[in-house]
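One structure below.
The values are calculated or read from the model by the stated rules, or taken from the named source; none is laboratory data. Note that the structure is predicted; figures quoted are calculated from it, not measured. Here the Cβ is made from the backbone with ideal geometry for all residues, glycine too, and neighbour counts use every protein chain on show.
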Amino acid sequence: MLIDNTPSTTIWYDDKDSHVSIIDQRLLPHEYVVSKLQTFDDFCFAIKEMQVRGAPLIGVTAAYGLAIALRVDASISAEEDYAQKLIATRPTAMNLRWAIERIQKRISSCAENEKADLALAEAHQIRDKDIAICEQIGINGLSIIEELYQQKQRTINILTHCNAGWLATVDWGTALAPIYKAHFADIPIHVWVDETRPRNQGASLTAFELSEQGIDHTLITDNAGGHLMQHGMVDLCIVGSDRTASNGDVCNKVGTYLKALAAFDNQVPFYVALPTSTIDWDITDGIKEIPIEERDPYEVTHISGITDDGQVTSVKLVKDSKASNYSFDVTPAKLITALITEKAVVKAESSAIKLLNVSAETE
Ligand code: MRU
């Protein structure tokens, strides 16, 4: 996707000096800064502090983090320690554990001195595959938008929550991939962008992405979606997923559930776009079993932005009240029209999801 009309990805490896580069997303949209990740601690910091975020991108970053760490110590105990520390950085996103397990499986039977190189090769594969998977999600989701456009013959209004665009992946995104594909297919699109408190990934990342790509969009407060749906101003919703239970319940950025309820009440189709790597096959009840990350209340009591004289700053919203910061919620499968995956568009039901469970060896 584009930043300043230049094709970009969110993470890349530099062979010349053997480090990983990322876009520091904490600073967008006001500043574009590339950070180098060189040590294991750099990777943990980048994920925990959300220099990188979004389930697929967190997974890719963790994969590189483990590979780079193994250069320092590739003993079994160190490998396990690195793996556990990385998994603990963001507890909800499934791709983190998925990527780490994938690397560990790949290096499980090799000599200690070969582990780091093999792990790096696997991290490259995970990264490259993420791009292909997200593009395919875009292609699969495009047919849904095309069909709506055939029926309505006017601009299609799509509501999205948080950032499930290319900044949440390596390229293309998940929820935004069908939107990009529709835009490239000359289907007129308008996107309602939930600001997504407390960290405002909608305002600072999704709106930025869509602007850079030249796609018509409007930023709305998190509470506006229900009103828009009641008045026929939303044709469909597409959101991402951080972890999907095998029964079709979807865990995504907090507030997703409320949008799904409003969509259900107003017969607005509600789609979730996800790579199958977000499916947690061990979980059959998303509401009871998916761990919900709780972040620093500071993110709720404060808000950051840029002043008229160009200073990025943070201001306090409360006097001395306490705050809580549940970062994700779970949307029950019954509220979801369908899941848009790289393999197929399927109903959010155990029987349909089961068919997506092709083992890693055959992929
Ligand atoms: O806390 P974040 O910014 O990592 O949360 C991101 C989301 O909730 C996205 O919607 C989700 O990762 C799906 S994205 C491809």
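Looking only at residues in the stretch 187-197 that are surrounded by fewer than 21 Cβ atoms within 10 Å (Cβ to Cβ) and touching a residue at least 40 places away in the same chain (Cβ under 8 Å), the one that is nearest to HIS227 (Cα to Cα) is ARG197. The condition (being away from the ligand (no atom under 12 Å from the Cβ) and at pLDDT 95 or above) is satisfied by just one residue among PRO188, PRO198: PRO188.
Note on the stretch 31-147: enclosed helices (runs of 4 or more DSSP H) holding 2 or more residues that are in contact with a Phe, Trp or Tyr (Cβ under 8 Å, 6 or more places away or on another chain), under 29 Å from ALA245 (Cα atoms) and assigned by TED's automatic domain parsing to the domain that holds ASP14 are 55-69, 76-89. Taking the stretch 275-363 as the region of interest, the strands (runs of 3 or more DSSP E) fully inside it that hold 1 or more residues being over 19 Å from the mean Cα position of the chain (by Cα) and either of a type outside the set (Val, Ile, Thr) or surrounded by 11 or more Cβ atoms within 10 Å (Cβ to Cβ) (or both) are 302-306, 312-316.
Listed by first and then second residue, the pairs with beta-carbon distance under 7 Å, at least 6 apart or on different chains, first residue in the stretch 153-167 and more than 8 Å from the ligand (Cβ to nearest atom), second aliphatic (A, V, I, L, M) and modelled with pLDDT under 95, are TRP166/MET1. When THR218 is tested against (1) assigned to a helix (DSSP H, G or I); (2) closer than 20 Å to LEU28 by Cβ; (3) more than 20 Å from the chain's Cα centre (by Cα), exactly one condition is not met: (1). If you go through the stretch 49-88 and keep only what is within 11 Å of the ligand (Cβ to nearest atom) and touching a Cys at 6+ places or on another chain (Cβ under 8 Å), you end up with just PRO56.
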